[in-house]
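See below for the structure under consideration.
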Amino acid sequence: MAVTAGMTLCAQSVTNAASKLPRQPTQIDSANGFFDGTGHQAIYCGNVRVDDPDMKLTCERLIVDLPQSGGHVHHIVAETNVVINGTDSKGQAMLGTGDKAVYDFQVKDSVTNETITLTGNAKVEIAQGWMTGEPIIWNRADNSLSATNQHMVFRQNLNGGQAGTNLPPTKPIN
């Protein structure tokens, strides 16, 4: 996962300047919702489902810090049974799970920092394998993953063949 899912979920994606198509809206469904206009925060509880053009997310509680001026969302926290389905910047499917996911977005000195941090039984799966760690940090700006106390399993042989495939036997050299 290099989980894309990442959590751009409620956040707006940076769009290509050449693209003329408007970004599709993010939809959030939950059993309960609360909006605090003074604190600029939206809180969703109970069977939370987020449908974003970049990803799908489910959890039990979602807290979104809303920007005062209506710009890009900078901070989101998803808690309890977090599942993120999405794609990375190369279109590769990713699945991230954990007890908590925190999305942070910041632009400082013209440099964009955008991360998703998974904690609590954190796991990221992609076609080539999976990784666990505590925490797992997905840097969406450079599409990298890092983890502390990580364990990784690859589904690809070092010779380039996919694991579990029937590669032709090697021929002896005469």
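Here are the numbers for this structure:
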read-out	value
Region 85-114, subset β-branched (Val, Ile, Thr) and at pLDDT 95 or above, residue nearest to HIS151 (Cα to Cα)	THR97
Condition check for THR117: at pLDDT 85 or above, in contact with a His (Cβ under 6 Å, 6 or more places away or on another chain) and surrounded by 16 or more Cβ atoms within 10 Å (Cβ to Cβ)	no
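The values are calculated or read from the model by the stated rules, or taken from the named source; none is laboratory data. Predicted model, so just to flag it, every value in this text is computed and none were measured. Neighbour counts are summed over all protein chains in view; Cβ atoms, including those assigned to glycine, are modelled from backbone coordinates with ideal geometry.
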